[in-house]
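A.B. asks: Mind looking over this structure? Questions follow.
The values are calculated or read from the model by the stated rules, or taken from the named source; none is laboratory data. Keep in mind that this is a model prediction, so the values were computed, not measured. Note that each Cβ is placed from the backbone with ideal geometry, even for glycine, and that neighbours are counted across all protein chains shown. Just the protein is used for accessible areas: all its heavy atoms, side chains included, with ligands, DNA and RNA removed. Shrake-Rupley method; radii C 1.70, N 1.55, O 1.52, S 1.80 Å.
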Amino acid sequence: MPTTTPSTAFISYSNLHLSPQAGQSEQLQAIHVQQDGAVLLVQLPAAADLQRFRWQAEQLHAPADASLAATLAALDYVFAQPAAPGEVVLQTAPELAAQLLRQGLGWQQQSSAEQVLLIVEAERFWQSPLLWLNQPLTPAFPQRYVMDANGRRHPLRPLKRNGTLYRRYIPWLGQTLSLRTLELDADLPCFNRWMNDPRVAHFWQEQGDMQQHREYLQKQAADPHSQTLIACFDEQPFAYFEVYWAREDRIAPFYQVEDYDRGWHLLVGEDAYRGRPWFSAWFPSLQHFLLLDDPRTQRIVAEPRHDNARLIGHAQQLGFANLKGFDFPHKRAQLLMLSRETFFSEQRWQPLPPR
């Protein structure tokens, strides 16, 4: 239910490229949403007027001239609430309803010549590429099987993208989380400092000087199955992630791997960003990014060291199954797995209630 007092501004990010600046056609556009009682005020980029939505008792009424971007932003606000409903009844004009139906974002409950009632489910809404992903709206990369240098047969992977790949506003922090690709010269000093932090080094075992770490990152950049990411809050770097296609990874022989399984290695380098409020923002968002990045990805796997009890425990609380222990040549690991169905049907993008 909506509150009765105005809230602080909420930011929704759209890749519909509203009023893009010159040279920034691929940048996510920030849409501001503010609640005033039962009214959601939506401000589009460079727009003079606000679009007003009414939100009452899990029903959202769109204005007659509501745009697709504004409607998605209003739904984003509703579904990002701490006690978010599993579905919303959206009352809207037939033309906008048709756009939402084409995107698979709802199903029609009732219609007339003037308005349509749609049921919009959170489970489907959070699988839409229209928000969060900073990339053109293109179909999934065509499937063609190839063999790699190690004799492994796998789908040809898309070329790595550069820049910011994902943005999500985190309402309980009042900050924006972003995932961007690592920039070698700019990010090397942070990477070097993080890898030499004793807390990180205990699990990664990658201590070294700047040249060693430059060579490490260059090797990652040359590997087509792995992508290096820097996680930021309000553009401040705090963590390093490696995300990979599991079929071509060292984990593949240890379980029944599927073609579009994804995996990760991760570290938080800045102490100021440790703790549950931060973890409950960046960790689910990383899984969200991987599941949106290719709609054929049904599972995310990980193989943390067996004694990384904190990470394993947190991952289990957020939907990962702890399947088994197994031995790499360099470490004893635990196999963790998260399914697409679990993540979206159980709304795992939201923090768990306090215990």
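A.B. asks: Go through the stretch 300-310 and count every residue that is more than 18 Å from TRP245 (Cα to Cα) and touching a residue at least 40 places away in the same chain (Cβ under 8 Å).
C.D. replies: Taking the stretch 300-310 as the starting set, the residues that turn out to be more than 18 Å from TRP245 (Cα to Cα) are 305-310.
Adding the requirement that they be touching a residue at least 40 places away in the same chain (Cβ under 8 Å) leaves 305, 308.
So the count comes out to 2.
A.B. asks: Please work out which residue is nearest to ASN162 (Cα to Cα), limiting yourself to the stretch 300-341 and to residues that are among the small types (Gly, Ala, Ser) and outside any helix (DSSP H, G or I). Break it down into steps so the answer makes sense when it comes.
C.D. replies: So the first thing to find is which residues in the stretch 300-341 are among the small types (Gly, Ala, Ser), and the list is 302, 309, 313, 315, 319, 321, 325, 333, 339.
Keeping just the survivors that are outside any helix (DSSP H, G or I) gives 302, 319, 321, 325, 333, 339.
Details: ALA302: 24, GLY319: 29, ALA321: 32, GLY325: 35, ALA333: 31, SER339: 27 Å.
The qualifying residue nearest to ASN162 (Cα to Cα) is ALA302.
A.B. asks: Assuming TRP107 fulfils every condition listed in (1) in contact with a Leu (Cβ under 6 Å, 6 or more places away or on another chain); (2) open to solvent by 30 Å² or more (accessible area, probe 1.4 Å); (3) modelled with pLDDT of 85 or more; (4) over 29 Å from SER178 (Cβ atoms) apart from one, which condition is it?
C.D. replies: Just one mismatch for TRP107, condition (1).
A.B. asks: Further, regarding this structure: Pick out the one residue from PRO85, PRO6, PRO45 that is modelled with pLDDT under 85, assigned to a loop (DSSP other than H, G, I, E, B) and out of contact with any Lys or Arg (no Cβ under 9 Å at 6 or more places or on another chain). Even if it seems obvious, please write down each step before you answer.
C.D. replies: Working: PRO85 fails: modelled with pLDDT under 85; PRO45 fails: modelled with pLDDT under 85.
Checking each option against the conditions leaves just PRO6.
A.B. asks: To continue, here is another question. Which ones in the stretch 242-283 are charged (D, E, K, R), outside any loop (DSSP other than H, G, I, E, B) and under 20 Å from the mean Cα position of the chain (by Cα)?
C.D. replies: Quick first cut of the stretch 242-283, residues charged (D, E, K, R) only: 242, 247-250, 258-259, 261-262, 270-271, 274, 276.
Going one step further and asking which of them are outside any loop (DSSP other than H, G, I, E, B), we end up with 242, 247-248, 262, 271, 276.
Those that are charged (D, E, K, R), outside any loop (DSSP other than H, G, I, E, B) and under 20 Å from the mean Cα position of the chain (by Cα): GLU242, ARG262, ARG276.
A.B. asks: Just name the residue that is nearest to THR228 (Cα to Cα) out of those in the stretch 173-215 that are part of a loop (DSSP other than H, G, I, E, B) and among the acidic types (Asp, Glu). Before the answer, list the steps.
C.D. replies: The initial filter retains those residues of the stretch 173-215 that are part of a loop (DSSP other than H, G, I, E, B), namely 173-174, 182-183, 196-197, 205-209.
Filter once more, so that each one left must be among the acidic types (Asp, Glu): 183, 197, 206, 209.
On the way: GLU183: 9, ASP197: 19, GLU206: 15, ASP209: 19 Å.
Ranking the candidates gives GLU183 first.
A.B. asks: What residue, of LEU133, LEU96, LEU90, LEU100, is more than 14 Å from ALA62 (Cα to Cα) and either modelled with pLDDT of 95 or more or buried (at least 18 other Cβ atoms within 10 Å of the Cβ) (or both)? I'd like the intermediate steps shown before the answer.
C.D. replies: Working: LEU96 fails: more than 14 Å from ALA62 (Cα to Cα); LEU90 fails: more than 14 Å from ALA62 (Cα to Cα); LEU100 fails: more than 14 Å from ALA62 (Cα to Cα).
Only one candidate qualifies: LEU133.
A.B. asks: Check GLY325, GLY275 and return the single one that is under 23 Å from TRP349 (Cβ atoms) and surrounded by fewer than 21 Cβ atoms within 10 Å (Cβ to Cβ). Before the answer, list the steps.
C.D. replies: On the way: GLY325 fails: under 23 Å from TRP349 (Cβ atoms).
Unique residue meeting the criteria: GLY275.
A.B. asks: Now, a different point. Using beta carbons and a limit of 6 Å, which pairs, at least six apart or on different chains, have the first residue in the stretch 238-267 and farther than 19 Å from VAL146 by Cα and modelled with pLDDT of 95 or more and the second one in a helix (DSSP H, G or I) and open to solvent by 20 Å² or more (accessible area, probe 1.4 Å)?
C.D. replies: PHE238/TYR273
A.B. asks: Looking only at the stretch 278-301, decide whether some residue is more than 26 Å from ALA80 (Cβ to Cβ), buried (at least 19 other Cβ atoms within 10 Å of the Cβ) and of a type outside the set (Lys, Arg).
C.D. replies: Yes, the stretch 278-301 has at least one match.
A.B. asks: So THR138 clears everything in (1) over 22 Å from the mean Cα position of the chain (by Cα); (2) over 26 Å from PHE283 (Cβ atoms) except one condition, right? Which one?
C.D. replies: With respect to (1) over 22 Å from the mean Cα position of the chain (by Cα); (2) over 26 Å from PHE283 (Cβ atoms), THR138 is out only on (1).
A.B. asks: Could you tell me whether any residue of the stretch 90-106 is outside any strand (DSSP E or B), among the small types (Gly, Ala, Ser), closer than 19 Å to GLN127 by Cβ and touching a Lys or Arg at 6+ places or on another chain (Cβ under 9 Å)?
C.D. replies: Looking through the stretch 90-106, at least one residue is outside any strand (DSSP E or B), among the small types (Gly, Ala, Ser), closer than 19 Å to GLN127 by Cβ and touching a Lys or Arg at 6+ places or on another chain (Cβ under 9 Å).
A.B. asks: Suppose we keep only residues that are of a type in the set (S, T, N, Q) and under 24 Å from the mean Cα position of the chain (by Cα) within the stretch 190-241. Which one would you say is surrounded by the fewest Cβ atoms within 10 Å (Cβ to Cβ)? Step through it out loud before you land on a result.
C.D. replies: Of the residues in the stretch 190-241, the ones of a type in the set (S, T, N, Q) are 192, 196, 205, 207, 211-212, 218, 220, 226-228, 236.
Then keep just the ones that are under 24 Å from the mean Cα position of the chain (by Cα); that gives 220, 226-228, 236.
Working: GLN220: 15, SER226: 20, GLN227: 23, THR228: 21, GLN236: 12.
By that ranking, first place goes to GLN236.
A.B. asks: Counting only residues that are open to solvent by 10 Å² or more (accessible area, probe 1.4 Å), closer than 24 Å to GLN81 by Cα and either free of Cβ contacts under 8 Å to residues at least 60 places away in the same chain or among the β-branched types (Val, Ile, Thr) (or both), how many does the stretch 110-123 have?
C.D. replies: Counting residues in the stretch 110-123 that are open to solvent by 10 Å² or more (accessible area, probe 1.4 Å), closer than 24 Å to GLN81 by Cα and either free of Cβ contacts under 8 Å to residues at least 60 places away in the same chain or among the β-branched types (Val, Ile, Thr) (or both) gives 2.
A.B. asks: Among the numbered criteria (1) part of a strand (DSSP E or B); (2) touching a residue at least 40 places away in the same chain (Cβ under 8 Å), which one does THR297 miss?
C.D. replies: Single failed check for THR297: (1).
A.B. asks: (1) open to solvent by less than 50 Å² (accessible area, probe 1.4 Å); (2) modelled with pLDDT under 95: which one isn't true of HIS61, the others all being true?
C.D. replies: If we test HIS61 against (1) open to solvent by less than 50 Å² (accessible area, probe 1.4 Å); (2) modelled with pLDDT under 95, just (2) comes out false.
A.B. asks: Would you say GLN27 is assigned to a loop (DSSP other than H, G, I, E, B), more than 24 Å from GLN103 (Cα to Cα), open to solvent by 40 Å² or more (accessible area, probe 1.4 Å) and modelled with pLDDT under 95?
C.D. replies: Details: assigned to a loop (DSSP other than H, G, I, E, B): yes; more than 24 Å from GLN103 (Cα to Cα): no; open to solvent by 40 Å² or more (accessible area, probe 1.4 Å): yes; modelled with pLDDT under 95: yes.
Considered against the rule, which asks whether it is assigned to a loop (DSSP other than H, G, I, E, B), more than 24 Å from GLN103 (Cα to Cα), open to solvent by 40 Å² or more (accessible area, probe 1.4 Å) and modelled with pLDDT under 95, GLN27 comes out as no.
A.B. asks: Name the pairs: first residue in the stretch 329-347 and touching a residue at least 24 places away in the same chain (Cβ under 8 Å) and hydrophobic (A, V, I, L, M, F, W, C), second residue surrounded by fewer than 16 Cβ atoms within 10 Å (Cβ to Cβ) and assigned to a loop (DSSP other than H, G, I, E, B), Cβ to Cβ under 8 Å, at least 6 apart or on different chains?
C.D. replies: Every condition considered, the pairs that remain are ALA333/HIS306.
A.B. asks: Check whether at least one residue in the stretch 139-162 is under 26 Å from SER67 (Cβ atoms) and either surrounded by 12 or more Cβ atoms within 10 Å (Cβ to Cβ) or among the β-branched types (Val, Ile, Thr) (or both), and report yes or no. Step through it out loud before you land on a result.
C.D. replies: Of all residues in the stretch 139-162, those under 26 Å from SER67 (Cβ atoms) come to 139.
Of the ones still in play, those that are also either surrounded by 12 or more Cβ atoms within 10 Å (Cβ to Cβ) or among the β-branched types (Val, Ile, Thr) (or both) are none.
There is no residue in the stretch 139-162 that is under 26 Å from SER67 (Cβ atoms) and either surrounded by 12 or more Cβ atoms within 10 Å (Cβ to Cβ) or among the β-branched types (Val, Ile, Thr) (or both).
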